[in-house]
1. Can you work out the Karplus-derived ³J(HN,Hα) for every residue in segment 44-57? Use 6.51 cos²θ - 1.76 cosθ + 1.60 with θ = phi - 60°, whole Hz, and x for glycine or proline.
2. Could you compute how much accessible surface VAL53 exposes when probed at 1.4 Å, giving the result in Å² to the nearest 10?
3. With a 1.4 Å probe and all protein chains left in place, how much accessible area per residue does segment 27-91 have, in Å²?
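The values are calculated or read from the model by the stated rules, or taken from the named source; none is laboratory data. Bear in mind that the values here come from a model prediction, so they are computed numbers and not experimental data. Surface accessibility is based on the protein's heavy atoms, side chains included, excluding ligands, DNA and RNA. Shrake-Rupley method; radii C 1.70, N 1.55, O 1.52, S 1.80 Å.
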Amino acid sequence: MPDLPRYARQLRELADVLDAQSDQTDESLTPHPDTMKVIAGRHTTRGQINYAVPDALQLQRRIRRYHADHAVQHGDIVAIALDSFLRAKGYPPDLVPSKAEKR
């Protein structure tokens, strides 16, 4: 006779593992704590990013709306989004300050 409670426990454990894996996709959109620390820094050096993006995506309008709804600065929205994407793809930043930034 099969041990049904044992199989039920194994199925619950498997379901928990699958649930944990599905949660990981949402984590890639969560800003990294180091990113938030850099953005929150009062003396963070900022640089300009200028790229042509498809108008059909309405990125500028969406950024303005997000800013209006959440009071997050435009540059911070872009920085968080790009950092999250690049980290998820395996390109984390080297947060060691360069010689020019140390001065």
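1. The phi angles translate into 6, 6, 10, x, 8, 10, 10, 9, 7, 10, x, 4, 4, 6 Hz.
2. Approximately 80 Å² of VAL53 is accessible to the 1.4 Å probe.
3. With all protein chains present, segment 27-91 gives 87 Å² per residue.
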